[in-house]
Amino acid sequence: MTLQKIFEPLTIAGARLPNRVVRTAHATNIGAGRLTDDLVAYHEARARGGVGLSLLEILSVHASSPGPLMIGDDLRAGHERLMDAVAPHGMAVFQQLWHGGHHAAPLDGGPPWSASDIPSPLLGVVPVAMTRTMIDEVVAAYANAARLCEENGLDGVEIHCAHGYLIQQFLSPATNRRQDDYGGSFANRARLLLEVVRATRAAVRPSFAVGVRLSPDGAEGGVTIADNREILRLLQEESLVDFVDVSLGSYYTFPKLIGGMHEPVGYEMPSSSPITAVADVPALVTGRFRTLEEAEQVLRSGEADLVGLTRATIADPDLVAKTRVGQAHRVRPCIACNQGCVGNLMGPEQRMSCVVNPVVGYEKEMGEDLIKPAGKVRNVWVIGGGPAGLEAARVAALRGHRVTLAEAGSRLGGAVLLAARLPTRHGLTDFTHWLIDEIERLGVRVRLNTFMDVDEITGENPDAVIVATGAVPRDEGLQIREPGKPIAGFQQAHVLSTVDLLGQYRDLAGKTVVVSDDVGHYEGLGVSEYLLEKGCHVHLVTPATAIGRLVEPALMTEPALERMAGHGDRFTPWTRCRVLETVPGRTVIAPAYGGEGRAIGADLLVAVAAGRPCRELFDGLQGYVPELAVVGDASSPRGLQAAVREGHRAGRCL
């Protein structure tokens, strides 16, 4: 496809966009609440890569709703540093303005503010129904925030009226039970939104862009597509906005906010296009777009004027630049796993990252543009062709080393080859295919079907060896909660690991299978869905308090459970339980906290358990090679992100 519309410039108020590629606002916490040098470098990398417009992560307008960015003296300095950094590259920058309502806990320790006393699904705390004084204070705060953003040198602001935050809490009949001028009729429920936008528009010059983000919230009795169409009509009737950004979902439908790899490209368009159809101002849409070709199709359809490629440009900041010069095949693909971006942000690390791009958030010190040729070219051997080994080989080759990668199997890709066989996970191989193409481009020598021992490796006189030999399933029935009580009868033919299950063809239709998930990552969910699609009856057993607890922050669990619920009574989850023993035709489970066992008539037991690292080669090479590293599952079986990160660092350190 010839790209044309995606590269057309566009002017919004006084802001000139060099193209139609947008990074929508997304929380990063890279600056821990401030526009630090690291956060500026993160945005600058995308400006240098050719993005047309970036919307900065939510700026809280009021102390009753603390957020990722807050108004203060350091915000002015941060905005100014950011605008100086991106100025040479032509990227426009808007700031998103936000109040979380009942989703945010005030800094003074008091209850959240909202339209009514309906608790948030995030906090579960009953909020205060805002008084007129509170409302006036928040309206003024939005206007003040916009004025400050203009003074700080930004190009515009976007008022967040979507995703179930304060303004949408007033708009939604599900959360607005007021009996005054701000509740009841649609006109009353829309009053706060209109007052905020009017005040914001009046606080800045006409050349300063003002827009809104809208969305159907997906809640029963909530904000609909028709409501958003009417809101946009009212805003345009008064010429209050210069653009509209249309999204989908709220915390009542959280996975729809950031659709995972189970969602198709453009999954939001069925709900977005009816809203953009009434837009008289530039309209922005999003929804798991990965390439400029996909964005071009939307622009040509006339359904939007701008397309958000947020996660795509997290994965590769140079997406636009590479595509513009005919190197779209070299763009590192976003696989929409959500584990690094929203998963790390909502998880224990509370800082956005990226599974496929380990330098995200560290561009100032580790950007790929900072990788320089090594002072001395070395003979580097990478043993193992999974993602850790492939990334190590790629980065070592970027540094100019002579790299040989040896893989014992007949294909490159490692554990990803099996993981991609699970339902909706086929997109995982997009990344390994990219890695394979890159090492071929960089001249890495690849030896498949090559099992190497210590003598064979040392015989090659390597200057450095990176061991990426992965992990293997355990065979003793270990369960993390009670390591002294392994599953009795584990070493029998009807007991399978995930590798056994996915690596061999089996006629599974009609069988009853117990899946023992001792890990809590996606593997247990994926294996269960795989078996259901094969026609099995599945009992998913976990000692955890919830199914798939480790991928809940990545918004994977609920969609998978919804799909499995579609198989009716063939799927039974068991939480806070463990497997006691198994024999052919029967597996006994019991509460993890103690109690009597319960026998399940089962043909197979599939054990999803912690693997055992294949470290023998690494241990055997100690003292025999000048430089030695072990990466990925060979160091400790974890996930794809750890494997890529460690492979990258190992290649970079040579």
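The values are calculated or read from the model by the stated rules, or taken from the named source; none is laboratory data. Quantities reported herein were computed from a predicted structural model and do not represent experimental measurements. Cβ atoms come from the backbone with ideal geometry, glycine included; neighbour counts cover every protein chain shown. Heavy atoms of the whole protein, side chains included, go into the accessibility calculation; ligands, DNA and RNA do not. Shrake-Rupley method; radii C 1.70, N 1.55, O 1.52, S 1.80 Å.
Overview of results
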{"quantity": "Accessible area (Å², per residue) of the chain, counting only protein heavy atoms and a probe of 1.4 Å", "calculated": "38 Å²"}
{"quantity": "Ratio of the Cα radius of gyration of region 607-654 to 2.2 N^0.38 Å, where N counts its residues", "calculated": "1.26"}
{"quantity": "Reduced Cα scattering model of region 324-473, Debye log10 I(q)/I(0), q = 0.13 Å⁻¹", "calculated": "-0.67"}
{"quantity": "Extension gain, Thr450 back to Arg576 (0.36 nm per residue minus Cα-Cα distance, nm)", "calculated": "41.0 nm"}
{"quantity": "Region 502-514 - phi-based ³J(HN,Hα) in whole Hz, Karplus 6.51/-1.76/1.60, Gly and Pro as x", "calculated": "8, x, 9, 6, 9, 7, 9, 3, x, 7, 9, 10, 9"}
{"quantity": "Rounded percent of accessible protein surface that carbon and sulfur make up, the chain, 1.4 Å probe", "calculated": "50 percent"}
{"quantity": "Charge-dipole axis of the chain as Lys and Arg at +1 and Asp and Glu at -1 on Cβ define it, positive-most pick from Ala141, Thr276, Val356", "calculated": "Val356"}
{"quantity": "Using alpha-carbon coordinates, inclination of helix 37-48 to the longest axis of the chain, degrees", "calculated": "90 degrees"}
{"quantity": "Per-residue SASA entry for Phe490, accessible area with 1.4 Å probe, Å² rounded to 10", "calculated": "30 Å²"}
{"quantity": "For q = 0.09, 0.13 Å⁻¹, Debye-computed log10 I/I(0) when each Cα of region 498-654 counts as one equal scatterer", "calculated": "-0.38, -0.70"}
{"quantity": "Rg/Rg_globular for region 172-220, with Rg_globular taken as 2.2 N^0.38 Å and Rg from C-alpha atoms", "calculated": "1.39"}
{"quantity": "Antiparallel %, DSSP beta bridges [both residues in the chain], to 5", "calculated": "15 percent"}
{"quantity": "Set of region 39-73 residues, backbone N closer than 17 Å to the point 7 Å along the Cα-Cβ line of Val125", "calculated": "60-68"}
{"quantity": "Lys, Arg +1 and Asp, Glu -1 on Cβ, resulting dipole of the chain about Cα centre, debye, nearest 20", "calculated": "560 debye"}
{"quantity": "In the chain, lysine pairs closer than 25 Å at Cα, eight or more apart or cross-chain", "calculated": "6"}
{"quantity": "Trypsin sites (Lys or Arg not before Pro) restricted to region 491-571 and DSSP loop, no more than 14 other C-beta within 10 Å", "calculated": "Arg506"}
{"quantity": "Relative pair counts by distance (%), Cα atoms of the chain, 20 Å bins", "calculated": "18, 46, 31, 5, 0"}
{"quantity": "Length gained when the stretch His433-Asp181 is fully extended (0.36 nm per residue, less Cα-Cα span)", "calculated": "84.9 nm"}
{"quantity": "Solvent-accessible surface ranking, highest first, for Glu349, Glu230 at 1.4 angstrom", "calculated": "Glu349, Glu230"}
{"quantity": "For region 555-623, alpha-carbon Rg over 2.2 N^0.38 Å", "calculated": "1.65"}
{"quantity": "Cut-off 18 Å (backbone N to label point 7 Å along Cα→Cβ of Ile480), residues of region 504-522", "calculated": "515-522"}
{"quantity": "Kirkwood-based Rg to Rh ratio, region 484-540, C-alpha trace", "calculated": "0.95"}
{"quantity": "Accessible-area value, His494, 1.4 Å probe, nucleic acids and ligands omitted, Å²", "calculated": "20 Å²"}
{"quantity": "Selected from Thr542, Ile58, Gly347, residue furthest toward positive end of dipole (the chain; charges at beta carbon)", "calculated": "Thr542"}
{"quantity": "Cα pair distances in region 298-362, grouped into 5 Å bins until the bin that holds the longest one, percent each", "calculated": "4, 18, 21, 20, 17, 11, 7, 2, 0"}
{"quantity": "Computed [θ] at 222 nm, helices only, for the chain once each DSSP H run of length n ≥ 4 contributes -39500 (n - 2.57)", "calculated": "-9000 deg cm²/dmol"}
{"quantity": "Length released on extending from Lys511 to Ala546, taking residue separation times 0.36 nm less the Cα-Cα span", "calculated": "10.1 nm"}
